[in-house]
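To keep things clear, I will list the structure first and then write my remarks on it.
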Amino acid sequence: MDPSQVKVPPLMDLTIDNITENVNLINSGNPDPRFKYVLERLVVHLHAFARETRLSTQEWAAGIQFLTKTGQICTDVRQEFILLSDILGLSLLVDSIDHPKPPNSTEGTVLGPFHTHDAHTLDHGASMSHDEKGEPLLVLCTAKDVNGKPIPGVKIDIWETDSSGHYDVQHAGRTEPDGRCVMISDDQGVFWFKAIVPVPYPIPHDGPVGQLLKTLRRHPMRPAHMHFMFEKEGFDHLITALYLRGDPYETSDAVFGVKNSLIVDLGKVDKATAEKYGVDEGIALLKHDFVLITDEESSKLREENSKKALEALGRRVKIVQGLPVPEVD
């Protein structure tokens, strides 16, 4: 880039008091209004953090080193930055902001670092787990809209750990996906499959995030749960999970994923159900109706929430492509 062809605002004499203004001034030529706004607020809050904490050079260097190590441990099947976002509560916050849900719909929660894109698409009634040590579980579910109308043709990603509390990608020599699958809801919005009863497990804590938890005297455990992700054109992308009631880590999830509406009770398969679905009587049963909202419903609610939140902070905004940017006279 030829410096002579770029108009850069002249910087003032730099001080603690005006460095933030200077950084945002030199970034002000950004042509993307949303990117400009996000970066401006990032700089403002980052600088405010440094001023408020009187951040030392030693602490700044320790932070840089921590983030460097976090990046170095990431692989194709391990995303330590997502894990870091999770244990700081950022993942749940972003999902809640970007995918708001009205009271009569299924709430979202964290994606977690173990979703993959290689799960096999299974027919209804198939088993997604081959763990013979796991407790058998029959899962009967529906996907419906807020009016109770079945939604056919929904793609549902489903994944859980094995009975030892490990995802398939955590086992050395993994060649095939296990404990995960993709299903498509039928004409009545129904999808059902066989799995194992979820168990509590620790998030990976052998890296920088685990060390941070140890320093904070926090445990790395997640309560027993099963992940679900719903996709269909015209409907808001839903990432959620169901958590087993009474789990010892229900109220102290390391990644803040539990919401009261997502806590479920397991039943037992009775004789009629066993005969209908071809499973053993008495095994564990999970039944749940998922309620999806449309893109239009989500967009409208997201815009309303954004305006209210930012107006409460004294900011005038307008919505551009579904996201707030400053309102400029």
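General remarks:
- Orientation-averaged projected area, Cα convex hull of segment 1-55 (nm²): 4.6
- Estimated vicinal HN-Hα couplings, Hz - segment 228-241 in sequence order (Karplus 6.51, -1.76, 1.60; Gly, Pro = x): 9, 9, 10, 9, 7, 4, x, 10, 5, 5, 10, 10, 8, 7
- Note that segment 91-104 has calculated 3J(HN,Hα) couplings of 4, 5, 4, 5, 4, 5, 6, 7, 10, x, 10, x, x, 8 Hz, one per residue in order, obtained from phi through the Karplus relation 6.51 cos²θ - 1.76 cosθ + 1.60 (θ = phi - 60°); glycine and proline are x.
- Rg and Dmax over the alpha-carbon atoms of segment 246-329 stand at 22.1, 69 Å.
- Charge sum, other residues only, whose C-beta stays under 9 Å from Ile293's C-beta, Lys/Arg counted +1 and Asp/Glu -1: -4
- Rounded tilt (10° steps) of 295-312 against the dominant C-alpha axis of the chain: 40
- In the chain, the calculated helix contribution to ellipticity at 222 nm averages -9000 deg cm²/dmol per residue, counting -39,500 (n - 2.57) for every DSSP H run with n ≥ 4.
- Each peptide in 118-127, 192-201 was scored by the mean count of other Cβ atoms within 10 Å over its residues; highest first, the order is 192-201, 118-127.
- Violating pairs (Cα-Cα greater than 26 angstrom) within the set Lys232/Lys308; Lys144/Lys308; Lys133/Lys271: Lys232/Lys308; Lys144/Lys308
- Simple spin-label estimate for Ala312 and Ile184 in nanometres, 7 Å along Cα-Cβ: 4.3
- The GNM of the chain, with springs linking C-alpha atoms under 10 angstrom apart, assigns the highest mean-square fluctuation among Asn104, Asn305, Asn27 to Asn27.
- Contour minus Cα-Cα distance for Asp280 and Asp76 (0.36 nm per residue): 69.6 nm
- C-alpha center-to-center spacing [segment 23-42, segment 113-174] in angstrom: 42
- The residues neighbouring Lys308, those whose beta-carbon lies less than 15 Å from its own, together hold a net charge of +2 under the Lys/Arg +1, Asp/Glu -1 convention.
- Angle between the chain longest axis and helix 57-72 axis [Cα atoms, degrees, rounded to 10]: 40
- Taking 20 Å as the cut-off, the amide N atoms of segment 95-123 that come nearer than this to a point 7 Å along the Cα-to-beta-carbon line of His237 belong to 95-102, 106-121.
- Where GluC sites (Glu not before Pro) in DSSP loops with at most 12 other Cβ within 10 Å are excluded, longest remaining stretch of the chain: 1-131
- Using C-alpha pairs below 8 Å separated by at least 6 residues, the relative contact order for the chain is 18 percent.
- Choice from Gly29, Gly112, Gly134 with maximal GNM fluctuation in the chain (Cα, 10 Å cutoff): Gly29
- A simple spin-label model places pseudo-atoms 7 Å from Cα toward Cβ; at Val264 and Glu176 they are separated by 2.6 nm.
- Cα-only radius of gyration and Dmax that characterise the chain, units Å: 23.6, 81
- Rounded, prolate or oblate (a/c below 1.5 giving rounded, otherwise prolate when a/b exceeds b/c) for segment 68-150 by Cα gyration tensor: oblate
- Neighbour-count ranking [beta-carbon atoms within 10 angstrom, fewest first] of Tyr249, Tyr243: Tyr249, Tyr243
- The smallest convex shape that holds all Cα atoms of segment 118-269, its convex hull, gives 140 Å³ per residue.
- Residues Phe66, Phe228, arranged from fewest to most other Cβ atoms within 10 angstrom of their Cβ, appear as Phe66, Phe228.
- Under the simplified labelling scheme, the Gln211-Asp98 pair shows an inter-label distance of 2.9 nm, with each label point 7 Å from Cα along Cα→Cβ.
- Estimated from the Cβ-Cβ distance and a Förster radius of 22 angstrom, the FRET efficiency linking Asn27 and Arg51 is about 0.70.
No value in this document is a laboratory result; all are computed from the given coordinates. Just so you know, these numbers come straight off a predicted model, no measurement behind them. Because the Cβ atoms are built from the backbone with ideal geometry, glycine has one as well, and the counts that use them run over all protein chains shown.
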